[in-house]
Amino acid sequence: MAAIAAIFVAVSSIHAGGLLTNSNQSASFLRMMARDASTDIFSVYYNPAGLSFLPHDGFFLSIDNQSAFQTRDANSRLLNYGWNLDGDTSKKMDFEGDASAPIIPTIMAAYKQDKLTFSGMLGFTSGGGKATFNNGLPMFQTLVVSTFANLPLGGDTRLQLNPSQYDVDMNMKGTQYIFGGQFGITYQINDWLSVYGGGRMNFFFGSQKGSILVNATDPAVQAQTKALGLPGSQLADVALDVDQSGWGVTPIIGVDASFGKWNFAAKYEFMTNLNIENKSNSPLRANILYQESAQLKALLASYDDGVNTPSDIPAILTLGARYEIIPTVHVSAGYHYYFDKDAGMADDKQKLLTHGTIEWLAGAEWDITDRVTLSAGYQNTNYGLSDGYQRDTSFSCDSYSIGFGGRIKMNDAVAFNIGYMQSFYDDYTGMTTYQTENTYSRTNKVFGFGAEFVF
């Protein structure tokens, strides 16, 4: 029965993935991702040390919303479990999941007075949506198959089934939000150098709901289960309903140096120690053949009330450069490194990564007029993935993203930003523990709109 229990043990990471950090914190980012050396209001998040180079003293505010729509598909091919289906010992299955977050708000604010700038932001720094798999996931099917292919029923009695002899009805829904509140102070040392120190409070909110129902459809199997004293044709009935919460602090430091047409910046976010605590909304429902609930509960101990699971936010190093070709045209570049292998994850999964996440960014902005700016950007993301790291509930795929959009300045006090970003993912194919070859694929589209105010 451990295989059925394991179905839910891995669900805690659904929609988070362990490598998800929401760097898209504004519509301005969507239209030009390389903002690591920017010196505008959006520097509050991307380059807080650059706030010293805001155009003048005063209060600056931005309010943004983004809408993200994502699909997560897993194509699975079961290999040899000892049966023959239409002359083949493999079986192919497709599982589709939808993840959406139509409302992702962010607020950034800064107050500059001479050499000091105070800044803060509120936003979803990780997660920020829900994922639904109405037909379950490959791991659901393969774990059910591996359980019932040669199920011990006591003594020498075994129940040997193939997938044509039972139906599996399963679903999974997960939500995850990490809401962050950031505050810090920027100090301008001289005309070309400034530094930043601050931190971010992160609050995790999530829930996991799912069920698996397995019924025998073959009359011979139904007769066999009845002879063994099992309840009707029901082979398995498992359900889970758990809320999760946690919090952690991220210290942040940064530096910015401006030399004429060039601007250089660096930011380091320290690792955030974050533990996720369970709160069960209802007793675990479980009936797997004659398995007693107490025994199954021991297998699912990681979902007991009050159990904590590590889910650290990795440390991040960002480097950026910006160059003014002519007064109306600027180009930017950026580099990000996520120290994923040092961040604690459930079951020490971080040790299975080959390296931390690496991102390269580039972009350009063109001030067509004093009031209209057009921009475009590019981002390449490379994870240190391995077959052992990937999970149906938390898989990642290397990708590149493009974005474009514009800024309209209404007057000296109000401006609007609009942006669109789309990510293009490389499919990942690998083997799982349960003799299954899985191919993972994703799509992602994000729209954003925001307003800037100067007081």
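Only counting other Cβ atoms within 10 Å, I'd like MET271, MET170 sorted with the fewest neighbours first.
Working: MET271 18, MET170 21.
Listed from fewest to most nearby Cβ atoms, that is MET271, MET170.
To make sure I understand, if each residue's beta carbon is the centre and we count other beta carbons within 10 Å, what order do ARG35, ARG200, ARG371 fall in, fewest to most? Intermediate results must be reported in sequence, preceding the final value.
On the way: ARG35 29, ARG200 22, ARG371 12.
In increasing order of surrounding Cβ atoms, one gets ARG371, ARG200, ARG35.
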Can you give me the distance in nm between label points at SER386 and TRP366, each placed 7 Å from the Cα along the Cα-to-Cβ direction? 4.6
The summed charge of the ASN308 Cβ neighbourhood (under 13 Å; Lys/Arg +1, Asp/Glu -1) stands at -3
Would you please give the residues with an amide H less than 5 Å from that of ASN273, counting only those at least 5 places away or on a separate chain, with H modeled from the backbone geometry? VAL249
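Give the order of VAL44, VAL238 when sorted by the count of other beta carbons within 10 angstrom, beginning with the fewest. Kindly include the intermediate steps, with their values, before the conclusion.
On the way: VAL44 31, VAL238 22.
Placing the least packed residue first, the sequence is VAL238, VAL44.
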At R0 = 45 Å the Cβ-Cβ FRET efficiency linking ASN411 and THR71, nearest 0.05, sits at 0.65
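So if each residue of separation counts as 0.36 nm, and I subtract the Cα-Cα distance between TYR400 and SER280, what length gain in nm does that give?
Values: separation 120, 0.36 × 120 = 43.20 nm, distance 3.87 nm.
Separation in residues times 0.36 nm, less the Cα-Cα distance, equals 39.3 nm.
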What full-extension length gain, to one decimal in nm, is calculated for ALA257 and ASP169 as 0.36 nm per residue of separation minus the Cα-Cα distance? 25.8 nm
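Throughout, read-outs are computed from the coordinates displayed, never taken from laboratory work. Nothing here was measured: the structure is a model prediction, and the numbers come from that model. Heads up, the Cβs are rebuilt from the backbone with ideal geometry, glycines too, and the neighbour counts pull from every protein chain shown.
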